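Step one of this worksheet: look at the structure below.
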Amino acid sequence: MLTPKYPKPDTYTPVYLVPDPTAAPMPTTPAPVPAPAARPTVQLTPGSVVALAAGGGAVVLVVGTVLVSMLLAVSISAASVAVCAVVIRSLLNNQKGH
């Protein structure tokens, strides 16, 4: 009653073997390849090179600042946790002695 019903192996046709009747026929000739441009599409003037260099430098400075501040935050947090651990350990040791 709860067993699945499988089709017989000789009557089953996988979906990938059935041709799609709505599909367009494959073209027999390859598509034309566009000719390369005669000149480069991006022309850099001296002003744009300076602007790109300044923008890249600004990005490097901002990313560096963010990374250094994250490292500083982690190191301050680690130092404060270490100080708290030392204080708690000394408080527990003093309690046992009295």
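The values are calculated or read from the model by the stated rules, or taken from the named source; none is laboratory data. It should be emphasised that the depicted structure is a prediction, and the values quoted were computed from it without experimental measurement. FYI the Cβ positions are ideal-geometry reconstructions off the backbone, even for glycines, and counts take in every protein chain you see.
Residue by residue, here is whether (1) in a helix (DSSP H, G or I); (2) surrounded by 10 or more Cβ atoms within 10 Å (Cβ to Cβ); (3) at pLDDT 80 or above; (4) not small (Gly, Ala, Ser) holds:
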residue: 1; (1), (2), (3), (4): no, no, no, yes
residue: 22; (1), (2), (3), (4): no, no, no, yes
residue: 31; (1), (2), (3), (4): no, no, no, no
residue: 37; (1), (2), (3), (4): no, no, no, no
residue: 51; (1), (2), (3), (4): yes, yes, yes, no
residue: 56; (1), (2), (3), (4): yes, yes, yes, no
residue: 60; (1), (2), (3), (4): yes, yes, yes, yes
residue: 84; (1), (2), (3), (4): yes, yes, yes, yes
residue: 94; (1), (2), (3), (4): yes, no, no, yes
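When you go through 64, 47 one by one, which is the residue that is at pLDDT 90 or above, surrounded by 10 or more Cβ atoms within 10 Å (Cβ to Cβ) and not aliphatic (A, V, I, L, M)?
Result: 64 is the single residue among 64, 47 that is at pLDDT 90 or above, surrounded by 10 or more Cβ atoms within 10 Å (Cβ to Cβ) and not aliphatic (A, V, I, L, M).
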